[in-house]
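Please treat every number below as a calculation from the coordinates, not as lab data. Bear in mind the structure is a predicted one, so any value in this text is a computation, not a measurement. Note that we place each Cβ from the backbone using ideal geometry, even for glycine, and neighbour counts take in every protein chain shown.
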Amino acid sequence: MSAPISVVQVVRPVAGGMRAHVLALAAGLPSSEFRVIVAGPLDARTRRPLSAAGVTWANIPLPQTLSLSATYRGAQVLARLLASREAQIVHGHGFLATYAALIARRRLAAPPALVSTVHAPPRVSGGWWERMLRRRGYRAVGRQAQEIIAISEGVKESLLAVVPEAVEKTEVIPYGLRPEEFRVRVDVGLKKKELALDPSAATIGFIGRLTPDKGPDVFLRAAAEVTKTAPNVDFVLCGEGPLRSELEQQAHDLHLTGATVFLGDRRDVAEILATVDLVLLPYRETGFGVAALEAIAAGKPLIVSDIPVLRATLEGAPDVTFVRLDAVEKMAQAAIGILDRLPDVDSPMIGDVERAQGAPAAEDLLVKTEEFDLDAELEPGDQRARTGELPAGQRFVHEHYAVERMVAGVQAVYGRMIASTKTTSASRENGGPGGEAN
């Protein structure tokens, strides 16, 4: 049996979808085949689940924004880690992490194979100096990475517009989720009190970074329109970011202060989704739309901005309404229409969410007499059959964006890279290109 492949996953400061993806991938790769370490400036929210999953991690100083001096310093530390781990593959997540990995490889006599996952459309913006650096950096990654993974077709198209020569080595592997993690039983009244929400009010939620591309300002403008017709509605923003103070001021200016709660970065997203009545995500730009899939997995009605990436990700998903980003009044009308169709908030059960204060659901009191063989393995065909019993949202996510599908795709990429490395080494040993004849 061959030794596990040594893989170093490199990240910059991460949050949101990228963090969830890195955690799922690192934990999902079988330890019998891969020896994984995640390296980067890791906060507690990233370190804890890695440790819980038995994944090794290392703190390496990499910048959040483009800084050549900080990137080179981080690359020096990363090079030492790659050498000490005898890394065979270094996997950069995002441009900055991949660029640091590229620099680190140059310092090694036997550099590992490089793969990059592109999590968002390339940003070639800023002053002329930054634009030049970014273009050169993207092209260097495009030339030197053996494989490139884009998380969506939209991201792939944006990347190839900047680095057209990478077309043959780029493939799309979407993010993966475990939909069952987003169907939780929550005492909604108690959870609302914990979140400082009115237990008697309907609640509209936003999930995402508080950055311009995610449109939290549009969410607040739509909230103001909703309250003109439906005053008994609360609004909750789950996420952190540089716009928070501006958004809090905007909420005050729109007379939403008493009805709006900023939760910051949270670990209990599944419980928060179970608590809200619908989710509104007016994203201006996104690489994929993880929060939208989480809302679908939680069985929540979803309103999203009508942009190509979300159209592609959510094609065929249940209970999704697309609205143009500039049509704030239509967003509000769509939200009010959805709230009007929902069961009364005082009803005992809505889906899998317990609305009653303490009384168990009827199905919890039933005793089933069906016998199960707990030692029997579930056959793949049986697993497919079981998915037919899932709620529509969970079934959609399971069929299109299961974690297992994502991990299998990345494993295939790693396999090609190792096979290519072995072929190149054998060619050199036998006097092929770059080697000497025996």
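Give the range of the longest stretch in the chain that excludes all GluC sites (Glu not before Pro) found in loop regions by DSSP and having at most 13 other beta-carbon atoms within 10 Å.
Values: sites that count: GLU86, GLU315, GLU370, GLU371, GLU377, GLU389, GLU436.
For GluC sites (Glu not before Pro) (loop position, at most 13 other Cβ atoms within 10 Å), the longest site-free span of the chain is 87-314.
What residues from segment 124-161 fall in the zone where the backbone N is under 19 Å from a label point 7 Å along the Cα-to-C-beta line of ARG106?
129-147
Build a GNM of the chain with springs between Cα atoms under 10 Å: which of HIS252, HIS398, HIS93 gets the top mean-square fluctuation?
Highest fluctuation among the options: HIS252.
For a Förster distance of 35 Å, can you work out the FRET efficiency between the beta-carbons of ASP340 and ALA412, rounded to the nearest 0.05?
Details: r = 47 Å, r/R0 = 1.34.
Given R0 = 35 Å and the Cβ-Cβ separation, E is 0.15.
Could you tell me the center-to-center distance, by alpha carbons, between segment 39-79 and segment 163-233 in angstrom?
27
Charges at C-beta only: +1 for Lys and Arg, -1 for Asp and Glu. How large is the resulting dipole of the chain about its Cα centre, in Debye rounded to 20? Before the final figure, lay out the partial values.
Working: 49 positive and 53 negative charges, 517 e Å.
Dipole magnitude for the chain comes out near 2480 debye.
Which of THR56, THR46 comes first, and how do the rest follow, when ranked by fewest Cβ neighbours within 10 Å?
Ranking THR56, THR46 by Cβ neighbours within 10 Å, fewest first, gives THR56, THR46.
Sketch the reach of a paramagnetic label on ASP43 as a point 7 Å from Cα along Cα-to-Cβ, and name the residues of segment 204-238 whose backbone nitrogen lies under 12 Å away.
Of the residues in segment 204-238, 209-210 have backbone N under 12 Å from the label point off ASP43.
In angstroms, what radius of gyration and Dmax does the chain have, counting Cα atoms only?
In Å, with Rg to one decimal and Dmax whole: 23.9, 83.
Over segment 179-362, what is the percentage of antiparallel beta bridges among all DSSP beta bridges, to the nearest 5? Numbers along the way, then the final one.
On the way: 3 of 23 bridges.
Bridges in segment 179-362 that DSSP calls antiparallel: roughly 15 percent.
Mind giving me the FRET efficiency for GLU389 and ASP306? R0 is 41 Å, r the Cβ-Cβ distance, nearest 0.05 is fine. Walk me through the numbers on the way to the answer.
Numbers: r = 32 Å, r/R0 = 0.78.
Result of the calculation: an efficiency of 0.80.
State the antiparallel share, in %, of DSSP beta bridges confined to the chain, rounding to the nearest 5.
Details: 3 of 51 bridges.
Of those bridges, close to 5 percent are antiparallel.
Taking a ≥ b ≥ c as the square roots of the Cα gyration tensor eigenvalues, with a/c under 1.5 meaning rounded and otherwise prolate when a/b beats b/c, else oblate, which class fits segment 1-115? Write down the numbers at each step before the final one.
On the way: a/c = 1.95, a/b = 1.11, b/c = 1.76.
Because a/c hits 1.5 or more and a/b fails to exceed b/c, segment 1-115 counts as oblate.
If you wrap segment 179-362's Cα atoms in a convex hull and average its projection over all directions, what's the area in nm²?
Working: hull surface 39.2 nm².
Computing the convex hull of the Cα atoms and averaging its projections yields 9.8 nm².
Classify segment 106-215 as rounded, prolate or oblate from the Cα gyration tensor: take a ≥ b ≥ c as the square roots of its eigenvalues, call it rounded if a/c is under 1.5, otherwise prolate when a/b beats b/c and oblate if not.
On the way: a/c = 2.99, a/b = 2.15, b/c = 1.39.
Prolate is the answer for segment 106-215, as a/c is 1.5 or above and a/b outweighs b/c.
Between VAL167 and GLU246, take the C-beta separation as r, use R0 = 56 Å, and let me know the FRET efficiency to the nearest 0.05. List each step's numbers first, then the result.
Working: r = 40 Å, r/R0 = 0.71.
For R0 = 56 Å, the calculated efficiency reads 0.90.
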